Amino acid sequence: MIRVGLISDTHGLLRPEALAFLRGCDAIIHAGDIGNPGILERLSVLAPVTTVRGNNDVGDWADALNETELLHFGHVRIQVIHDLARMTIDPAAAGIRIVIAGHSHKPAIVEKCGVQYINPGSAGPRRFRLPISIGELRIDGTSAVAHLTQLAVA
């Protein structure tokens, strides 16, 4: 079984509650709007990190990040993008089972046409009254189960 941590929209704030949740992951996916490269350095101490550039990620460090990433965990193909509105492929036609995206700050797991769309929400500064959240994927062969968690923060 592989445990993949899902985080997005940290906007420069990596909460201790998020680090505690991600401890023990085999891999971490950050779906953009990172805020600064120090976030990625701190996450990489826990597990290998795959990330994409969000619309607020600017500067030389962010220019080095791709807008999308395609990952394989076992037999599960995962597409990572910050903003779903910028997706230029049909994930189902491309054999992608899971799309990880951020941007809206709204945690969600939705299935469409056999593709599971997961937004871990925002783990950074609170936006409006939206929850501070994070997620995980547990992958075992061809099985992938997603779970989102609201972080208890002050």
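Quick notes on this one:
- In terms of Cα atoms, the Rg and Dmax of the range 1-61 work out to 10.9, 37 Å.
- Multiplying the residue separation of residue 45 and residue 142 by 0.36 nm and subtracting their alpha-carbon distance yields 32.1 nm.
- Across the chain, the mean sequence separation of Cα contacts (distance under 8 Å, 6 or more residues apart), normalised by length, yields a relative contact order of 26 percent.
- Likely footprinting exposure, 34, 78, fewest C-beta neighbours within 10 Å first: 78, 34
- Cβ-based net charge around residue 153, under 9 Å, with every Lys or Arg adding one and every Asp or Glu removing one: +1
- Given the alternatives (1) 15.2; (2) 19.4; (3) 15.9, Kirkwood radius over Cα pairs in Å as computed for this entry is given by (1).
- DSSP-defined beta bridges in the chain - what % are antiparallel, rounded to 5: 65
- Residue-averaged 222 nm ellipticity for the chain, from DSSP H runs of 4+ at -39500 (n - 2.57), nearest 500: -3000 deg cm²/dmol
- Highest-first arrangement of 61-71, 6-16, where packing means the average Cβ count within 10 Å: 6-16, 61-71
Rule-based calculations on the coordinates, nothing more; no lab input. Keep in mind that this is a model prediction, so the values were computed, not measured. Positions of Cβ are backbone-derived with ideal geometry, glycine not excepted, and every protein chain shown enters the neighbour counts.
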